[in-house]
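K.L.:
Next up is a structure, given as structure tokens.
The values are calculated or read from the model by the stated rules, or taken from the named source; none is laboratory data. All values reported here derive from a predicted model rather than from experimental measurement. With ideal geometry, Cβ positions are generated from the backbone for all residues, glycine too; neighbour counts draw on all protein chains shown.
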Amino acid sequence: MYKRIGTYSGCLSDIWYAPVKLAATFLLISAIGLHSPHSDAEQNTPAFQNIINKISRSGSLLMLQAVCDEGKSELRNSVARCTTCPSFTSKPANKTGFELVNIVLGSFTKAREPEALLYMKGCESDVTEDGGIVLLQQTADGWSRLQYQKGVGFTECLKFRTMEDVSNLLCNHSSLVDGNQTGKILWIDLAENRFSATPLARWYDNTSSNPRELVSVFPYRFLRSDFNQDSRSDVRISFRIRELLIPEKYSGALDAISSGYKIDPPRSLSLTYLFNGETLKLQKDNQVNLTRIKQIVNKHLPTTDP
């Protein structure tokens, strides 16, 4: 029997820094089991909730003193931000600002070092990767910035404690552009202050764009358990898969759904990654599932990434 450690279902987009805004179409999609950026927001479970940390407003502002240029941190409408883009970003002094979205606390570079990984939004040129992550370390004099990696973000993360007694992260990150939701599942390693972000899988969901050709490859559950019985917590990522051509009498998928058109239940594929104390390795018999996921996603979202 596998020992169940915890699960995550859907997107945790309703944490303190990112309030949920549910539109009527999203509620309709959720009702039939399709996926919008927020369709699973009510299904939060502890595995990810324990990692995306809620920090007090005063605590977040103290952290931002190590991120923002001097005197440029503020709290506006319950959101901590830099009023201008910091000097280390691609748009220094730009007044659009740098917004704090998510925080993960832990020891990432060295054992027992109190550190924080901040996902900041803004100040970069690519609309699909606008922002980056900032690594901070707490000292007797307060927080200090160790590094910044632009174009990297996280919606939610799981910690895996390595044999060096530091935490590596399995992170899911998504963005929504014109109704098309794209995502990456990344393995992030910051040991010794070296940065490595390895993409394990990409996913794609065009439901909210009201497409004629509905395509959804959506990670709906992350299950932590010791699958190979080596006393280490592994992870199984389950995907819902849909590929459907909507009849021509409807303008698109959302129109068909609202008109009562029956959408068949999705297929399910899973990827099990085993943790060896250093990194995650795909279970060998899951390679065919990863190949199928890649084929579907790459057909609609060409890239050199997995």
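K.L.:
For the stretch 189-205, give me each residue that is in contact (Cβ under 8 Å) with a residue 12 or more places away in the chain and surrounded by fewer than 22 Cβ atoms within 10 Å (Cβ to Cβ). First the steps, then the outcome.
P.N.:
Step one: list which residues in the stretch 189-205 are in contact (Cβ under 8 Å) with a residue 12 or more places away in the chain, which gives 189-193, 195, 197-205.
Within the stretch 189-205, Asp189, Ala191, Glu192, Asn193, Phe195, Ala197, Thr198, Pro199, Leu200, Arg202, Tyr204 meet the criteria.
K.L.:
Ok, one more. Return the residues of the stretch 120-155 that are over 15 Å from the mean Cα position of the chain (by Cα), crowded, with 22+ Cβ neighbours inside 10 Å and without any contact (Cβ under 8 Å) to a residue 24 or more places away in the chain; say none if nothing qualifies.
P.N.:
The answer is none; no residue qualifies.
K.L.:
For the condition at pLDDT 95 or above, more than 14 Å from Val134 (Cβ to Cβ) and touching a strand residue (DSSP E or B) at 6+ places or on another chain (Cβ under 8 Å), what is the one hit in Pro114, Pro86, Pro37, Pro46?
P.N.:
After applying the criteria, what remains is Pro114.
K.L.:
Would you tally the residues in the stretch 100-119 being of a type in the set (A, V, I, L, M) and free of Cβ contacts under 8 Å to residues at least 40 places away in the same chain?
P.N.:
Looking only at the stretch 100-119, we keep the residues that are of a type in the set (A, V, I, L, M), and these are 100-101, 103-105, 111, 116-118.
Those left that are additionally free of Cβ contacts under 8 Å to residues at least 40 places away in the same chain: none.
Count: 0.
K.L.:
For the stretch 258-282, name all the residues that are surrounded by fewer than 17 Cβ atoms within 10 Å (Cβ to Cβ), under 15 Å from Val235 (Cα atoms) and touching a residue at least 40 places away in the same chain (Cβ under 8 Å).
P.N.:
Result: Asn276, Gly277, Glu278, Thr279, Leu282.
K.L.:
Tell me whether the stretch 175-188 contains one or more residues that are surrounded by fewer than 21 Cβ atoms within 10 Å (Cβ to Cβ), touching a Gly at 6+ places or on another chain (Cβ under 6 Å) and in a loop (DSSP other than H, G, I, E, B).
P.N.:
no
K.L.:
Of everything in the stretch 152-199 that's touching a strand residue (DSSP E or B) at 6+ places or on another chain (Cβ under 6 Å) and among the acidic types (Asp, Glu), which residue is nearest to Ser270 (Cα to Cα)?
P.N.:
Among them, the one singled out is Glu156.
K.L.:
Restricting to the stretch 283-299, count the residues that are of a type in the set (D, E, K, R) and loosely packed, with under 15 Cβ neighbours inside 10 Å. Can you show your working first?
P.N.:
Going residue by residue through the stretch 283-299, those that are of a type in the set (D, E, K, R) are 284-285, 292, 294, 299.
Add one more test, that the residue is loosely packed, with under 15 Cβ neighbours inside 10 Å, and what stays is 284-285, 299.
Summing the residues that are of a type in the set (D, E, K, R) and loosely packed, with under 15 Cβ neighbours inside 10 Å in the stretch 283-299 gives 3.
K.L.:
Ok, one more. Limited to the stretch 169-209, what total is found for residues that are among the polar types (S, T, N, Q), out of contact with any Leu (no Cβ under 7 Å at 6 or more places or on another chain) and closer than 17 Å to Glu278 by Cβ?
P.N.:
1
K.L.:
Then there's this: Scan the strands (runs of 3 or more DSSP E) fully inside the stretch 55-109 and keep the ones with 3 or more residues being surrounded by 15 or more Cβ atoms within 10 Å (Cβ to Cβ).
P.N.:
Details: elements: 73-76, 79-82, 98-106.
Fully inside the stretch 55-109 and qualifying: 79-82, 98-106.
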